[in-house]
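As structure tokens, the structure follows; a few thoughts come after it.
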Amino acid sequence: MVAGGNSKSDISFAGTYASSAFAACFAEVCTLPLDTAKVRLQLQKQAVVGDVVTLPKYRGLLGTIGTIAREEGLSALWKGIVPGLHRQCLNGGLRIALYEPVKNFYVGPDHVGDVPLFKKILAGFTTGAMAIAVANPTDLVKVRLQAEGKLPPGVPRRYSGSLNAYSTIVRQEGVGALWTGIGPNIARNGIINAAELASYDQVKQTILKIPGFTDNVVTHLLAGLGAGFFAVCVGSPVDVVKSRMMGDSSYKSTLDCFVKTLKNDGPFAFYKGFIPNFGRLGSWNVIMFLTLEQAKKFVKTLESA
């Protein structure tokens, strides 16, 4: 990812897309257990028996991972990996690969110097929204598979796998159901993508102006951590609403989900799973950007050969 002014990518769009999709998929495989824990924590609601509020089943990042592994087996931590990879191939590839062309479009062909931060943010939001509009069905299936916990003996699972989930949702709820939660998902993906890509671009640009720093792994590591932190800070509320809408079809709309969550669980519910979310997005961004930078160097070598 180029930090600085209006510039043309060193590799083709196809090469950038392939590098982005690969990097996003690799990061997904490495961090999915953290995402599964985050989804379970976000979907967890207060249980009231009589006048007594029972203790939550899942408590904290490590506690949630331990509970899932103990009750359902280690493989349950990678529930939703297939639609997760589908999602990253589409969403990850498109949102990252389109960022530079869209950013250059916003600044215009005659722009000289550093790109203003607000145009980086606008480019990130635009590509994030565009990408998830295409990839929303994969996100829905991933969340639904992750949301299923340990079931009582004799109770069948809703879906036997990702392909079965796609077909079952279409058959029982209609094709439009695959775009359930598209409103909060566009908001979430646009906001988080803007935070990730614009902050990575900006932090990397700032670091490279410091004497002694070069475009290397250390710079990519610091910029990736900054991108993950900003993404979680601004994206957690919409992420919670998105996960609840996709995991529970009883909500009538985005506003209905927001109001019911606020009324039943309080304002702090919108930051449920903040630590695992930062652990997930922070590590995801570090792994993804480190892999992306190396993958683009590899593709550049292939295209120039």
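The values are calculated or read from the model by the stated rules, or taken from the named source; none is laboratory data. Remember, predicted model here, so these are calculated numbers, not experimental data. Cβ atoms come from the backbone with ideal geometry, glycine included; neighbour counts cover every protein chain shown. When the accessible area is computed, the model is the full protein with side chains, heavy atoms only, and any ligands, DNA or RNA have been set aside. Shrake-Rupley method; radii C 1.70, N 1.55, O 1.52, S 1.80 Å.
Brief remarks follow.
- Residue within the stretch 228-240 that is open to solvent by 30 Å² or more (accessible area, probe 1.4 Å) and free of Cβ contacts under 8 Å to residues at least 24 places away in the same chain present: no
- Any hit, the stretch 184-200, residues being modelled with pLDDT of 90 or more, closer than 28 Å to Ser236 by Cα, surrounded by fewer than 20 Cβ atoms within 10 Å (Cβ to Cβ) and out of contact with any His (no Cβ under 9 Å at 6 or more places or on another chain): no
- Residue check, Lys263 open to solvent by 30 Å² or more (accessible area, probe 1.4 Å) and either assigned to a loop (DSSP other than H, G, I, E, B) or of a type outside the set (Ser, Thr, Tyr) (or both): yes
- Selection status of Gln146, surrounded by 14 or more Cβ atoms within 10 Å (Cβ to Cβ) and out of contact with any helix residue (DSSP H, G or I) (no Cβ under 8 Å at 6 or more places or on another chain): no
- Within the stretch 71-86, the set of residues being on the phi < 0 side of the Ramachandran plot and open to solvent by less than 20 Å² (accessible area, probe 1.4 Å) comprises Ala76, Leu77, Pro83, Gly84.
- In the stretch 167-183, of all residues being assigned to a helix (DSSP H, G or I) and closer than 16 Å to Val134 by Cβ, the one that is least open to solvent (accessible area, probe 1.4 Å) corresponds to Leu178.
- Val203 meets all of the listed conditions (1) part of a helix (DSSP H, G or I); (2) in contact (Cβ under 8 Å) with a residue 60 or more places away in the chain but one, namely (2).
- Selection count, the stretch 268-303, where residues are closer than 21 Å to Asn216 by Cα and surrounded by fewer than 16 Cβ atoms within 10 Å (Cβ to Cβ): 5
- Of all residues in the stretch 108-131, at least one satisfies being open to solvent by 60 Å² or more (accessible area, probe 1.4 Å) and of a type in the set (Asp, Glu).
- Of the helices (runs of 4 or more DSSP H) lying entirely inside the stretch 87-166, those carrying at least 1 residues that are β-branched (Val, Ile, Thr), under 30 Å from Thr64 (Cα atoms) and out of contact with any Leu (no Cβ under 6 Å at 6 or more places or on another chain) are 117-147.
- Condition met for Gly212 (open to solvent by 50 Å² or more (accessible area, probe 1.4 Å), at positive phi and not charged (D, E, K, R)): yes
- With respect to being modelled with pLDDT under 90, under 15 Å from Ser199 (Cα atoms) and open to solvent by 10 Å² or more (accessible area, probe 1.4 Å), Phe258 falls outside the description.
- Subset of the stretch 60-90 (residues that are of a type outside the set (Gly, Ala, Ser) and modelled with pLDDT under 80): Leu61
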